[in-house]
Structure formats: C-alpha cells, structure tokens
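The values are calculated or read from the model by the stated rules, or taken from the named source; none is laboratory data. Here the structure is a predicted model, which means the values were calculated and not measured. Here Cβ is always computed from backbone atoms with ideal geometry, including for glycine, and neighbour counts include all displayed protein chains.
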Amino acid sequence: MKIIMIAGDGIGPEISAATKEVLQAVNTKFKLGLQIEDEIAGHASLKMHGATVTEALLNKVKQVDGLILGPMSTYDFKDEAKGEINPSKFFRKSLDLYANIRPAKTYQGLRSPVSDFDLIVVRENTEGFYADRNMEQGNGEILVTPDVAISLRRITRQCCERIARTAFELAQSRKKHVTIVHKANVLKIADGMFIDICHQVGKEFPEVSIDDFIVDAMAAHLVRAPQKFDVIVTTNMFGDILSDLTAELSGSLGLAASVNAGTHHAMAQAAHGSAPDIANQNIANPYSLILSAAQLLEWYSHRSGKSEFGQAAKAIADVATSLILSKEVTKDIGGHLGTKETGAALAKGLLALD
Ligand code: NAD
C-alpha cells in the first residue's frame, strides 16, 4: 500500500510524526509492505510553490492507494487567485471523496459527561453549504452589495443517494439503525428531498431501522441520550457541526478521527483544525490522526481484500483503547504524556502484541 502523508499546519507536524511512528509499527508487526511518502500542502506549500496545493501533488495522490492529510489552517486561505486554496476542499472535490465518516464513542477510563455511546456520523462531503464546492466555476458565495451577502447551498439526488447508501451499508455491519438528520421544516425542498431519498435507499435495507430528527433537536438528543444512535446520516454542514459535538462528548476533539472516502480514493484526516493555540508545545492529542489512519487501512482492506490491513486497523484501535484506560495518553484525555510520547507508547504497545 502506497500512502502520501502531508503533515499540515499548526499541530500537523507533531501529530503526523506520531502517526507515522504508529504506522511503521503496524507495518513491521503485520508485514503490510507500507510505503509512506512525505509531501507538503498548506502554508509550507504556499511558501515553496506559491500555492497551498498543486495539480502536480494531486496527480501524485491519484497514483497511490491513500492520502493522510494533516490539519490545515483553512481560515488563513482566503484568496484562491493568490494560491490560497483550501486543501481539504481541493482533495475532497478533486478525488470525489463524498463520504466523510466520523466515528465517536466513549472509552473506559475516560470521563464523559454523557452515557456510554458508540456511533458514526456519515457526512456528505461534496456539496451543501460549502460554497467552495458547489459551482462548476467560481464560488457559491456572492457579495450583492457591501452589506448584502448570499451563500448558496446545493443538494443533488446523486449525492443524497450515495451518502445514504454509505450510511445504510455501514449500519448493516453495526447496530442496524440509521438516523437521518435534516432541517426540512425550513429547507423544505432541499432537505425534503434529502429525507425522501434516504428513506427510498433505506427500502433496500429492510433489516435496518430508520428514524429522523431536525438538526437542532438532534443536538439536544445527542447530549441527552447519545447511546440511542448508531449511524447518523446528514448533509455537509450539519455533519461537520454534529461530529465536533460527538467527538467532544466522547472526551476530546483530540479523538476526532475521520476518513473521506470515494469510489476510488480515500483520505484520512482528523476532524479538527490546525489548533494554533496549542501548536509546537508537544501537547496535542495525536489519536485523532492515528485513528484516522487506522480508518484508511480499514478502507484499503475492504477495497483490496487484504485482511491484514483490517487486522492492523483493529490492533491500533484496541491498543489505543487500553492506553486510554492506563492513562498513557495526552492530558486532554486524562493522561500525562506529550504528543511524541503518546505516539511512541502506542507504537511500543503494537510491537509488543503476541
Ligand atoms: P480547531 O479544531 O483547530 O481547534 C478547536 C479547539 O480544539 C482548540 O482549543 C484546540 O486546541 C483543540 N484541539 C484541536 N485539535 C486538538 C488535538 N488534536 N488535541 C487537543 N486539542 C485539540 O479549530 P479552530 O481553532 O477554530 O481552527 C484553527 C484552524 O483550523 C483554522 O484555520 C480553521 O479554519 C482550521 N480548520 C480546519 C479544518 C480542516 O482542515 N478539516 C477543520 C476545522 C478547522
């Protein structure tokens, strides 16, 4: 398996280094034949190539089996004409990575303000209220007058269908329950279509039960009783927001892993940003990116039929769970270790497996 790894901005280089150490450990333990190549994007690329991402990098990424994208300081990138492109959007759109799969669960030994839960947010990634991916040319945000702005949201049948199918397929291998989250009380046409299509796709999965909630009520339900949910399927912005909530309910945004998956490509990416407030202090939690990388190995295992990648992914998650319990992790999740030491402890635990 060939992987391109982009360290990213802010805490990116620190959590990427820890992730690489863990990948090297599973590579040795499970004889995966992993080849990891480092590349740059974001501020490092803007400085070196005059753009945060380049077509040459995209072409390289298309040739490999997976991408690990470190967190990006997307808020800094305001003018595409100056090469300031949002790398996240660039790869999601260019590689058609339509499903952003963001699991969240509680861990033994880690205090959570809510009941134990284990769920996945399945977020549509290629349209919705993200103005930078809705148009053939240009951007879906318009400044009509200096005091009037319009942001357009695109919802299409094709994107609804494929994200719904991803959610139902995932639910089939879990607790067989899908929750559709929407705002069809005000976005009657677009979210009405989203709900209808999700229900239609659901008919292909008769063993999976379905319910639906309006997004604001869903925020309350998630805090009140997250254990009631299994797979949550929703449009782009709602998924983005709810998955930060579920990550924090699980203990920390530093546990927020995700994979962006399409038909032919996949990209591991922590759900959080570049966290400049804690960069270069060796305190960021690397588990978000490490568990994202594990999701990428799992994706590759399904795609290639090579079970050792699935075993490696499970081993990473299992050893991480035991280290959370023994508190050999970063401070945000109750431990006493730095970023580097947390990666090293996980790598050591993996190499010590029978
Ligand atoms: P953020 O997600 O970077 O940080 C929010 C809070 O969570 C901060 O207090 C931070 O210290 C904490 N946090 C984040 N990751 C952590 C980790 N691994 N361990 C421990 N604590 C962690 O959000 P922000 O500060 O609003 O944004 C910073 C930059 O990241 C901005 O430029 C923003 O646009 C960008 N961003 C990018 C993405 C992405 O690329 N997917 C997502 C969100 C934000």
Single unsatisfied condition, residue 287 versus (1) in contact with a strand residue (DSSP E or B) (Cβ under 7 Å, 6 or more places away or on another chain); (2) aromatic (Phe, Trp, Tyr); (3) within 16 Å of the ligand (Cβ to nearest atom): (1)
Unmet criterion (only one of (1) touching a helix residue (DSSP H, G or I) at 6+ places or on another chain (Cβ under 6 Å); (2) within 14 Å of the ligand (Cβ to nearest atom); (3) not charged (D, E, K, R)) for residue 236: (1)
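Taking into account only those residues within the stretch 300-316 that are buried (at least 24 other Cβ atoms within 10 Å of the Cβ) and not small (Gly, Ala, Ser), which is farthest from the ligand (Cβ to nearest atom)?
309
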Hits in the stretch 240-251 - residues which are within 12 Å of the ligand (Cβ to nearest atom), closer than 22 Å to residue 313 by Cβ and in a helix (DSSP H, G or I): 243, 247
Top-ranked residue of the stretch 252-264 - restricted to ones that are over 11 Å from residue 288 (Cα atoms) and surrounded by fewer than 21 Cβ atoms within 10 Å (Cβ to Cβ), ranked as nearest to the ligand (Cβ to nearest atom): 262
Residue satisfying all of: in the stretch 317-335; under 22 Å from residue 11 (Cβ atoms) and within 20 Å of the chain's Cα centre (by Cα); farthest from the ligand (Cβ to nearest atom) among these: 317
Boolean, residue 133 is closer than 15 Å to residue 268 by Cβ, in contact with a Lys or Arg (Cβ under 7 Å, 6 or more places away or on another chain), within 14 Å of the ligand (Cβ to nearest atom) and not hydrophobic (A, V, I, L, M, F, W, C): no
Of all residues in the stretch 84-116 being in contact with an Asp or Glu (Cβ under 7 Å, 6 or more places away or on another chain) and within 17 Å of residue 333 (Cβ to Cβ), the one that is surrounded by the fewest Cβ atoms within 10 Å (Cβ to Cβ): 105
Qualifying residue in the stretch 267-285 (condition: touching a Phe, Trp or Tyr at 6+ places or on another chain (Cβ under 8 Å) and buried (at least 24 other Cβ atoms within 10 Å of the Cβ)): yes
Residue check, residue 119 crowded, with 22+ Cβ neighbours inside 10 Å and assigned to a loop (DSSP other than H, G, I, E, B): no
The one condition in (1) outside the structural domain of residue 291 (by TED's automatic domain parsing); (2) farther than 27 Å from residue 318 by Cα that residue 107 fails to fulfil: (2)
Number of the condition not met by residue 257 [criteria: (1) in a helix (DSSP H, G or I); (2) out of contact with any His (no Cβ under 8 Å at 6 or more places or on another chain); (3) within 30 Å of residue 1 (Cα to Cα); (4) not β-branched (Val, Ile, Thr)]: (1)
